[in-house]
Protein chains: 2
Amino acid sequence: MRWKAKIEVTLKKEVLDPQGAAVEGALQVLNYRNVRQVRVGKYMELLLEAPAREEAARQVEEMCRRLLTNPVIEDFSYTLLGETP
Amino acid sequence: MRWKAKIEVTLKKEVLDPQGAAVEGALQVLNYRNVRQVRVGKYMELLLEAPAREEAARQVEEMCRRLLTNPVIEDFSYTLLGETP
């Protein structure tokens, strides 16, 4: 079965996010004064062949730890959608 | 009321994604041969003060069009979560 994984990678809360701060500053300049705590991360999508959801989840978590994220400074979360062929 | 916006920015389907291709290649090297169509995008979170969901949604869409995305090559989607103060 084919799965679509949607992965969100964010900096851990205690890690400074200069890119987020820059975006927040730009939004203030554009007069969005009601916006705060902008954080910028990465988003990834991929298709994965796996017989069952558990196996797909195991592989996505492994890929995140080994390659897609830096576990020292980043967290990740993901959703798996089963795809009809 | 305070809202948390989670924004996913992806390259449009017809736009080449060399970063996604590089990640896919690296996953193949790591023996994840069942993975395809890796696409890399951006993920953003922010907090927003707005009296109602409709107003929060309107502002998030406007920010995305004006600053957070490049509408020529990128699509976006978002979710809004109401936060208890």
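Per residue of B:23-36, what is the mean number of Cβ atoms on other protein chains within 10 angstrom of that residue's Cβ?
If you average over the peptide's residues, the count of other-chain Cβ atoms is 4.
Take the Cβ-Cβ distance between residue B:79 and residue B:28 as r, set R0 to 25 Å, and report the resulting FRET efficiency rounded to the nearest 0.05.
Efficiency computed from Cβ-Cβ geometry: 0.20.
What value, in deg cm²/dmol to 500, does the helix sum -39500 (n - 2.57) over DSSP H runs of n ≥ 4 give at 222 nm once divided by the residues of chain A?
Result for chain A: -8500 deg cm²/dmol, rounded to the nearest 500.
DSSP loop GluC sites (Glu not before Pro) in the range A:1-58 with at most 13 other Cβ atoms within 10 Å of their Cβ, which ones?
A:14
Grab the other residues whose beta carbon is less than 13 angstrom from that of residue B:10, score K and R as +1, D and E as -1, and report the net.
Summing Lys and Arg as +1 and Asp and Glu as -1 gives 0.
What does the copy distance list look like for residue A:62, label position 7 Å along Cα→Cβ, in nm and ordered from shortest?
Between copies, matching label points for residue A:62 lie 4.8 nm apart.
What nm distances, shortest first, do you get from the label point of residue A:36 to those in the other copies when the point sits 7 angstrom along Cα to Cβ?
Ordered by distance, the counterparts are at 4.7 nm.
Can you tell me the orientation of helix B:18-29 relative to chain B, as the angle in degrees between its alpha-carbon axis and the longest Cα principal axis, to the nearest 10?
Between helix and principal axis, roughly 50 degrees.
Where does helix B:53-63 land angle-wise versus the long Cα axis of chain B, in degrees 0 to 90, nearest 10?
For helix B:53-63, the angle is close to 50 degrees.
Where the only charges are on Cβ atoms (+1 Lys, Arg; -1 Asp, Glu), what is the dipole of chain B about its Cα centre, to the nearest 20 debye?
The dipole magnitude comes to about 240 debye.
Mind checking B:44-57 for the average number of partner chain beta-carbons within 10 Å of each residue's beta-carbon?
Values: counts 10, 9, 11, 6, 7, 4, 2, 0, 0, 0, 0, 1, 1, 0.
Mean inter-chain Cβ contacts per residue within 10 Å come to 4.
Along the charge dipole of chain B, Cβ charges K/R +1 and D/E -1, which of B:31, B:69, B:41 sits furthest on the positive end?
About the Cα centre, the residue reaching furthest to the positive side is B:31.
I need the inter-copy label distances for residue B:1: point set 7 Å along Cα to C-beta, values in nm with one decimal, smallest first.
Taking the point 7 Å beyond Cα along Cα→Cβ, the inter-copy spacings are 3.6 nm.
Charges on Cβ only, +1 for Lys and Arg, -1 for Asp and Glu, centred on the Cα centroid of chain A; of A:19, A:3, A:51, which one is farthest towards the dipole's positive end?
Working it through, the farthest residue towards the positive pole turns out to be A:19.
Please work out which residue of chain A brings its Cβ closest to the axis of the rotation superposing A onto B, and round that distance to whole Å.
Measuring from each Cβ to the axis, the minimum is at A:43, 2.
Bear in mind that the values in this text are calculations on the coordinates, not laboratory data. Note that the structure is a prediction, hence the values are computed from the model and not measured. Because the Cβ atoms are built from the backbone with ideal geometry, glycine has one as well, and the counts that use them run over all protein chains shown.
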